[in-house]
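Data first, discussion second: the structure below is written as structure tokens.
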Amino acid sequence: MKKYMIVCAGLSLALMFASCSKSSESAYKKAYEKAKSQEAAQRVAEDTETQAPVVAPVTTRPATQTRVVDNADNVSVRQEKVLLVNGAGLKNYSVVVGSFGLQTNAEGLQQQLRDGGYNAQIVKNESNNMFRVVATTFDNKVDAVNSRDQIRGSKYNPKGDAWLLYNIR
């Protein structure tokens with residue numbers, strides 16, 4: 001019986017060593033094949049990088065029409081129904097530099113603007129009881145936008161919060 005057990009143990013060990021060597025051989029073979037495929041892929045990538053890119057020929061055409069695009073169309077304009085309180089009169093687009101609940105505060109800013117050479121006016125929005133100080137007023141939006149941009153950088157509008165008003169009549 002001892003001989004039988006020894007023979008069985010020997011056979012088991014032999015099978016175990018044989019199966020381990022086969023699995024390691026297949027693992028080595030798989031790793032080798034994977035490295036080869038990566039190397040081949042790298043060669044293909046290097047070959048495509050060295051080739052000159054295909055570029056379409058440039059064709060030149062004379063400009064027949066030039067369109068100038070300004071940002072005046074993108075500027076937001078607040079629409080309010082306002083009444084003239086003090087000043088010469090409003091046009092379609094006005095540049096507002098101050099809004100006040102008290103008329104005396106609006107008159108103070110109006111005087112500062114007039115001392116600076118602006119034809120400032122005061123208008124009142126009856127719906128929210130606010131007095132607006134208008135520095136300049138224009139018939140078209142482009143001129144109003146240019147004036148607003150100029151006023152935003154001046155000492156009369158240090159916060160840079162001048163905005164456009166369209167008077168609803």
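The values are calculated or read from the model by the stated rules, or taken from the named source; none is laboratory data. Keep in mind that what you see is a predicted model, and the values were worked out from it rather than measured. Note: ideal-geometry Cβ built from the backbone for every residue, glycine included; neighbour counts use all protein chains shown. The accessibility values were calculated without ligands, DNA or RNA, using every heavy atom of the protein model including side chains. Shrake-Rupley method; radii C 1.70, N 1.55, O 1.52, S 1.80 Å.
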Hand me the trypsin sites (Lys or Arg not before Pro) from region 72-121 located in a DSSP loop with no more than 16 other Cβ atoms within 10 Å, in residue order please.
Lys81, Lys91
Over region 116-164, with the other protein chains present, what is the accessible area per residue in square angstrom, probe 1.4 angstrom?
49 Å²
Which lysines does Lys124 reach when only Cα atoms under 16 Å apart count, and residues fewer than 8 places away in its own chain are ignored?
Lys81, Lys91
So what is the relative contact order for region 110-150, in percent, with contacts set as C-alpha pairs under 8 Å and at least six apart?
29 percent
Identify all lysines with a Cα-Cα distance to Lys34 below 17 Å; exclude those on the same chain that are fewer than 8 residues away in sequence.
none
Pull up the cross-link candidates among the lysines for Lys36, meaning alpha carbon to alpha carbon under 26 Å and not fewer than 8 places away within one chain.
Lys22
